[in-house]
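The values are calculated or read from the model by the stated rules, or taken from the named source; none is laboratory data. Since the model is a prediction, treat every value here as computed from it, not as a measurement. For neighbour counting, all protein chains shown are included, and Cβ atoms are generated from backbone atoms with ideal geometry for every residue, glycine included. All accessible areas refer to the heavy atoms of the entire protein, side chains included, with ligands and DNA or RNA removed. Shrake-Rupley method; radii C 1.70, N 1.55, O 1.52, S 1.80 Å.
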Amino acid sequence: MLIAGFPAGAWGTNCYLVAPDAGEECVIIDPGHEAAEGVAETIARHRLKPVAVILTHGHIDHVASVVPVCGAHEVPAWIHPEDRYMLSDPEKALGRVIGQQLMGELTIGEPDDLRELTDGAELELAGLRLTVAHAPGHTRGSVTFAMPEQGDIPPVLFSGDLLFAGSVGRTDLPGGDHTELLQSLGRVCLPLEDATVVLSGHGPQTTIGRERATNPYLREVAGGPGSVDLSAPRRGM
């Protein structure tokens with residue numbers, strides 16, 4: 001298994017390329033702001049052939065390079081229907097003006113081939129099996145992608161901006177909802193094995209076991225109201 005990730009752009013959003021091995025087909029997860037060059041370099045370094053782009057949600061820091069990346073490799077992109085509008089109208093999704101200087105660097109719109117994700121769907125792409133879980137809270141159309149254990153490789157969760165090392169996604173932007181985010185944590189994250197590796201949209205990797213023990217938001221869900229430190233920082237755009 002090959003998972004190559006790098007932080008991209010103004011928000012340091014993690015973009016991942018996932019393949020069974022070097023020299024094989026791959027899936028690209030969340031090519032965000034200024035990610036196209038890093039994607040091209042990673043493809044060349046590992047001799048990969050992209051077959052799809054999949055998106056954890058529609059915020060511009062996760063999708064800004066979707067159009068050029070899909071166009072360069074003639075591949076489809078997948079997004080949850082509730083976040084689809086963000087591809088063409090990122091300012092509406094953020095509830096604020098991004099800024100003319102940054103807007104000038106973005107390619108706004110949908111790729112030629114855009115497909116919709118559904119809760120519980122199993123994507124068979126590039127020799128990989130990824131299970132989709134709808135996980136609203138950060139946005140209405142947020143999803144995670146889970147890969148099962150394979151030999152001595154532990155399960156992996158691409159959590160987007162749902163769960164981070166020590167934190168969770170912010171819920172103060174349009175479509176955000178604190179209660180829904182906690183429900184998503186309980187439904188999507190708590191049932192996973194402690195050994196599950198969490199690769200999130202920002203920051204370092206972690207594990208479900210570590211977050212179950214130390215993340216104040218996940219502990220609130222597991223232990224009931226009153227156990228969370230409300231001063232704990234949140235992440236995401």
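Here are a few things to note about the model shown:
- Remark: C-alpha extents of region 10-96 on the principal axes read 41, 25, 19 Å, sorted largest to smallest.
- Built amide H within the under 5 Å cut-off of residue 128, gap 5+: none
- Annotation: amide H of residue 142 within the under-5 Å range of 135, 137, sequence separation 5 or more or interchain, hydrogens built in the peptide plane.
- Sequence of 147, 1 when ordered by accessible area, the most exposed leading, probe 1.4 angstrom: 1, 147
- Kirkwood Rh (inverse of mean 1/r, distinct Cα pairs), region 14-54, angstrom: 10.0
- Between 30, 61, 177, the Gaussian network model of the chain with springs among Cα atoms under 10 angstrom shows the greatest mean-square fluctuation at 177.
- For region 166-180, backbone phi angles converted through the Karplus equation (6.51, -1.76, 1.60; θ = phi - 60°) give residue-by-residue couplings of x, 7, 9, x, 5, 10, 9, 9, x, x, x, 7, 4, 4, 5 Hz, Gly and Pro being listed as x.
- Kyte-Doolittle mean at least 0.0 and Cα axial length at least 18 Å: DSSP H helices in the chain: none
- Amide hydrogen neighbours beyond the local backbone of residue 121, cut-off 5 Å, H modeled: 132
- Ordered from highest to lowest accessible area with the whole protein assembly present and a 1.4 Å probe, 78, 11 read as 11, 78.
- Each pair of Cα atoms in region 103-205 enters the Kirkwood radius, and Stokes-Einstein at 20 °C and 1.002 mPa s then converts it into a translational diffusion coefficient of 144 µm²/s.
- Taking Cα centre as origin and charging only the Cβ of basic (Lys, Arg, +1) and acidic (Asp, Glu, -1) residues, the dipole magnitude of the chain rounds to 500 debye.
- Relative contact order (%) - the chain, alpha-carbon pairs under 8 angstrom, separation at least six: 15
- Restriction of the GluC sites (Glu not before Pro) in region 146-225 to DSSP coil positions whose beta-carbon has at most 14 other beta-carbons within 10 angstrom yields 149, 193.
- Square roots of five times the Cα gyration tensor eigenvalues for the chain, Å: 26, 22, 15
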